[in-house]
Amino acid sequence: QVQLVESGGGLVQAGGSLRLSCVASGSIFSINVLGWYRQAPGKQRELVAHISSGGTHITYADSVKGRFTISRDGATNTVYLQMNSLKPDDTAVYYCNAGDVYSGTYYPRSWGQGTQVTVSS
């Protein structure tokens, strides 16, 4: 099993920045892709970004392209989400996850507990 623990959420004004971190532990040898999802109140959980094991393949949701950057540190088993130019629409609980990509689709298998990001206007 893989355990994922997020940190770095909080309250920020529109236009500001936050960096989320997620540390993986447990069966880390089985980790391939790491990613972030988010869920806003009353909305479905949606993919934000994911990154391959070597960091060579990265995918972003259209809504965050150019503003968010995902990265990972293999030495510390940590994945980051740098969020810039934040908007009130980015307000959500952000979940770290680990999974695999099959035929171009990302399938998360393990989830963190989530961290709240609130962007005020």
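The values are calculated or read from the model by the stated rules, or taken from the named source; none is laboratory data. Source: prediction; values computed, not measured. In this analysis, Cβ positions are derived from the backbone assuming ideal geometry, glycine residues included, and neighbour counts consider all displayed protein chains. Just the protein is used for accessible areas: all its heavy atoms, side chains included, with ligands, DNA and RNA removed. Shrake-Rupley method; radii C 1.70, N 1.55, O 1.52, S 1.80 Å.
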What is the local net charge at Tyr80, summed over the other residues whose Cβ is closer than 9 Å to its Cβ (Lys, Arg +1; Asp, Glu -1)? +1
Three semi-axes of the equivalent ellipsoid, segment 59-121, Cα gyration tensor, whole Å, largest first: 22, 14, 13
Solvent-accessible area of Ser71 with every protein chain in place, 1.4 Å probe, in Å² to the nearest 10: 50
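For the chain, which whole-number percentage of the solvent-accessible area (1.4 Å probe, protein heavy atoms only) is attributable to carbon and sulfur atoms?
Working: 3060 of 6230 Å².
The nonpolar share, carbon plus sulfur, comes to 49 percent.
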